[in-house]
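A short worksheet on the structure shown next.
The values are calculated or read from the model by the stated rules, or taken from the named source; none is laboratory data. Note that the structure is predicted; figures quoted are calculated from it, not measured. Note that each Cβ is placed from the backbone with ideal geometry, even for glycine, and that neighbours are counted across all protein chains shown. We work out accessible area using only protein heavy atoms, side chains counted, and drop any ligands, DNA or RNA first. Shrake-Rupley method; radii C 1.70, N 1.55, O 1.52, S 1.80 Å.
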Amino acid sequence: MPVHVVRDGHIEAQLPSTARRIQLRALQLGANLADTYLLGQVSLTYPSSKLGNGLELFKFVLEDPSEKNAKLKAINTFIFGKMAVECGKAMRQGDTVVVFGFDLTKSPSVSRDGRHRCQIELSEEKGSEIYILNKSGSRAESTASGSKYSYTTLDQLKEGMVANLFGVVKFFKPPYRSKGTDYCSAITIVDPSDVKLKCMLFSGSTDTLPKVYKIGDIVRFHRIKIQSFHEEIQGITTAGFSALVFDGTVGAPMCPRTSSNSYTFTKENEKNVDALRKWAINHLDLPGSRVKLSDVQPLQYFDLICHLVAKAEVDKTSYLLKVWDGTKCVSPTWKICVEDEALEGERSLIHKLRNLTVDVLVYDNHVESAKSLKVGSCIVIHSVHTKLHAANAENQTSASYLEFYLHGGTGYGRGITVLPDNNYDAQELKKFLDTVDPKEYDRYEEPCISEAPLVLTSHCDWQTIPLATVINSPAPNKFRVRAQLQRFQPQRLDQSVKLHCTKCKSLQDAPEEHDLNIIFQERVMLHPKPVIQNTEWYQSAVWGTNNPNRCIAAHFVRKCDLHQDPENTLIMVEGAALQEIYKLSKHFGSVIPVKSDKQQLEIDLSAPFLIEGNRWHYGCRNCSNVKRIDALIPLANTSSWETTAIAEALGIEPLRHVFVMNFTLADETGLLKAYLWNYAEQFFQIPASEILMDSLLQDKLCKIMETLCPPRKNNSECPWLEFCIRSYNSSDGGKEHICYEVFDTEVTGTILNH
């Protein structure tokens, strides 16, 4: 077996008699390593992982405690394959190990981690072996009930010592990723000797770092190495380092936080913790950094202990945390605009707590931590920054609201800590939250509908943003604005209806009545007297007109039921003028205008390929591959004529009727031009596919626009409206610019019923 776990005895006695020991400082590339072994202690271990090819990987740092030169004292060691799995299970920090049959390669991380310029690689395929000595003190600090540890006060620490000590946390940074692959936690402690000790603690996993949750916590460190840094002593992790952390509150349960399953904690230790709690409350001016939401003020930095209600990604560098602590902010708070579907959390709870939650925007290196949080957990957000934002920059009291940020970096202890369920503060918070009735805060809810004739269909809890902020914000983004509609284009509302191909993204004008009249007139002139063409799947009939030299042919598609109602009948019409098409479309359910070519019926996409009452369907000339008319035969046995089925059978890519309008919005901070396109039918509640053939719908659209933007009035007399606006990046002629679009907004029923 390549992995040997040695329980007792001298570890080097297990090696072949020909093996010779080599020192860490003697390792160099190209050296003859045959029959050599390296002896040291495990100072750091990393979580097991897999390479891109699926090969198992386990990394640890091998250290020579007797070496004085820091750059020659520790070396990165990588184990691959089956050995990696076994070592990940057997090896622990503080174990003594021997590596044998290893390869040496150049370390790519020497400039970041300051360790040996080489790195060790082992695998079963290379014939490598590793011996692990699990001493009684490596996995458990002591199992003997009578064992004693001596503790050093901070004023007695000297460079080079490996000490055991107690202290009160004066400052800390939650674990963060260092410049290398390790995680780091910075903790400053004090004790009654009135000396401070800054500790820089490193580990391959955050689980093995001290679990400090707040200033005032009590720590017990075993085997911490003391070194000099910038002419001050400093504590660092070394082989066998371990930590216990206790809540610093007087009277709190004496429950240590530790990642170890085995540790000693004596009555004497309990007295030490209790004494430090009492000393800290009487002698230390510990900052009361935790603040309730009800006490939050602008331009403040504080720690917030809270319950996570929902979370969502805003963009690649920022993340939203929606949290509450059971109290209500005095000032209105900023609501970050994200889609409801993007929010991870229980919808009913999000709505229930809408007046008590605040939105905290998390940036940069904290995004990874925010993504890993579980909704429903109790967390501490360290060094939250509040900022006052005013809708009108010249008037700081006008429509102001509080914004909450967790900025990037680790300065001032910024970070996020997850509190376990058995944590004293987490339990106290949950007890308090259970007593809060959110219904008592319903009166604080902002009205969803403004006095203007528009209603937001969702996002009613979003904060209203001035147009200047919208214009100065990067895209993509979403906002709620309050503005006046000063102008709209086109002024001829019938020109606002376009034909859009979802496949090639083309946008074209819908044919006007004059154009359609010419198209059908030309067909009449080419074939004034169509020929009857009865077939097995349709039956033809000829109708006379006022002109004896012209007639109309109607081809009735046969169905299983020969006695069809007119509204369920599909006819193909040949030789009809536009006005005659109008009449036929009101009588028959589906009408296909066709023309003859060499005794065959054809579809011409210059005109509608299908007419259903007021809905005239057009096809894209670029994307369609029009088939013969007899491609409709398989549909003759269906129960109804579906537009999509007809288009698919005929090889036609349908064009979609859409409204396209350009709104000019204005408020006291600026002007903004926004399109009304994808959400226009929702906005007007009018089908774009029918309005061109329905005069009542056209009148309705005119009345809506006259209400929103009254003609012949000063801009100051225009009504104030609320819109949801989204920004997006667009490229026009190779030049990038930001565009804006109205979405999730519609006119009220009051206008529609006029």
note = Result of the Cβ filter at 6 Å on segment 327-356, keeping first residues that are without any contact (Cβ under 8 Å) to a residue 60 or more places away in the chain and closer than 21 Å to Asp437 by Cα and partners that are β-branched (Val, Ile, Thr) and open to solvent by 20 Å² or more (accessible area, probe 1.4 Å), at least 6 apart or interchain, is Gly345/Val375
query = Gly345 fails exactly one of the following numbered conditions: (1) open to solvent by less than 40 Å² (accessible area, probe 1.4 Å); (2) at negative phi; (3) not aromatic (Phe, Trp, Tyr). What is the number of that condition?
reply = (2)
Some residue of segment 162-174 being under 19 Å from Glu231 (Cβ atoms), within 35 Å of the chain's Cα centre (by Cα) and open to solvent by less than 10 Å² (accessible area, probe 1.4 Å) = no
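Rundown of residues vs (1) free of Cβ contacts under 8 Å to residues at least 60 places away in the same chain; (2) of a type outside the set (S, T, N, Q); (3) surrounded by 19 or more Cβ atoms within 10 Å (Cβ to Cβ), yes/no style:
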residue: Leu671; (1), (2), (3): no, yes, no
residue: Glu681; (1), (2), (3): yes, yes, no
residue: Phe684; (1), (2), (3): no, yes, yes
residue: Ile691; (1), (2), (3): no, yes, yes
residue: Ile704; (1), (2), (3): yes, yes, yes
residue: Trp720; (1), (2), (3): no, yes, no
residue: Phe723; (1), (2), (3): no, yes, yes
message = On the basis of being surrounded by 21 or more Cβ atoms within 10 Å (Cβ to Cβ) and either among the small types (Gly, Ala, Ser) or at pLDDT 85 or above (or both), does Ala252 make the cut?
response = no
request  = Answer yes if at least one residue in segment 647-654 is in a strand (DSSP E or B) and either farther than 19 Å from Tyr538 by Cα or of a type outside the set (Val, Ile, Thr) (or both), and no otherwise.
outcome  = yes
query = Met200 versus (1) aliphatic (A, V, I, L, M); (2) over 26 Å from Asp303 (Cα atoms); (3) free of Cβ contacts under 8 Å to residues at least 60 places away in the same chain: which is the lone unmet condition?
reply = (2)
remark   = Of the conditions (1) open to solvent by 50 Å² or more (accessible area, probe 1.4 Å); (2) of a type in the set (Ser, Thr, Tyr); (3) under 39 Å from the mean Cα position of the chain (by Cα), the single one that Thr258 does not satisfy is (1)
note = Every listed condition ((1) in contact with a Pro (Cβ under 9 Å, 6 or more places away or on another chain); (2) not in a helix (DSSP H, G or I)) holds for Asp207 save (2)
ask   = Residue check, Ile79 against (1) modelled with pLDDT of 90 or more; (2) farther than 22 Å from Thr237 by Cα; (3) over 37 Å from the mean Cα position of the chain (by Cα); (4) part of a strand (DSSP E or B), all met but one. Which one?
value = (3)
query = For segment 538-545, does any single residue satisfy the condition of being touching a strand residue (DSSP E or B) at 6+ places or on another chain (Cβ under 9 Å), under 25 Å from His500 (Cα atoms) and open to solvent by less than 80 Å² (accessible area, probe 1.4 Å)?
reply = no
ask   = Exactly one of (1) modelled with pLDDT of 90 or more; (2) aromatic (Phe, Trp, Tyr); (3) open to solvent by 10 Å² or more (accessible area, probe 1.4 Å) is unmet by Phe663. Its number?
value = (3)
message = What pairs come out if I take residues in segment 504-521 that are part of a loop (DSSP other than H, G, I, E, B) and pair them with residues that are open to solvent by 70 Å² or more (accessible area, probe 1.4 Å) whose C-beta lies under 7 Å away, six or more apart or interchain?
response = Cys504/Asn622; Ser506/Asn622
remark   = Matching residues in segment 619-645 (in contact (Cβ under 8 Å) with a residue 60 or more places away in the chain, in a helix (DSSP H, G or I) and either of a type in the set (A, V, I, L, M, F, W, C) or open to solvent by less than 70 Å² (accessible area, probe 1.4 Å) (or both)) number 4
inquiry  = Tell me yes or no: at least one residue of segment 74-88 is open to solvent by 20 Å² or more (accessible area, probe 1.4 Å) and under 24 Å from Lys225 (Cβ atoms).
reply    = no
Residue selected from segment 272-317 under the condition open to solvent by 60 Å² or more (accessible area, probe 1.4 Å) and in a helix (DSSP H, G or I), by the criterion nearest to Gly251 (Cα to Cα) = Lys278
inquiry  = Among the numbered criteria (1) on the phi < 0 side of the Ramachandran plot; (2) open to solvent by less than 50 Å² (accessible area, probe 1.4 Å), which one does Lys267 miss?
reply    = (2)
request  = Can you tell me which residue within segment 103-122, out of those that are open to solvent by 10 Å² or more (accessible area, probe 1.4 Å), modelled with pLDDT of 90 or more and of a type outside the set (D, E, K, R), is nearest to Gln41 (Cα to Cα)?
outcome  = Gln119
ask   = Scanning segment 175-212 for residues that are β-branched (Val, Ile, Thr) and surrounded by fewer than 20 Cβ atoms within 10 Å (Cβ to Cβ), which turns out nearest to Lys59 (Cα to Cα)?
value = Thr181
ask   = Do you know which residues across segment 17-35 are touching a residue at least 60 places away in the same chain (Cβ under 8 Å) and either surrounded by fewer than 18 Cβ atoms within 10 Å (Cβ to Cβ) or assigned to a loop (DSSP other than H, G, I, E, B) (or both)?
value = Ala19, Leu27, Gln28, Leu29, Ala31, Leu33
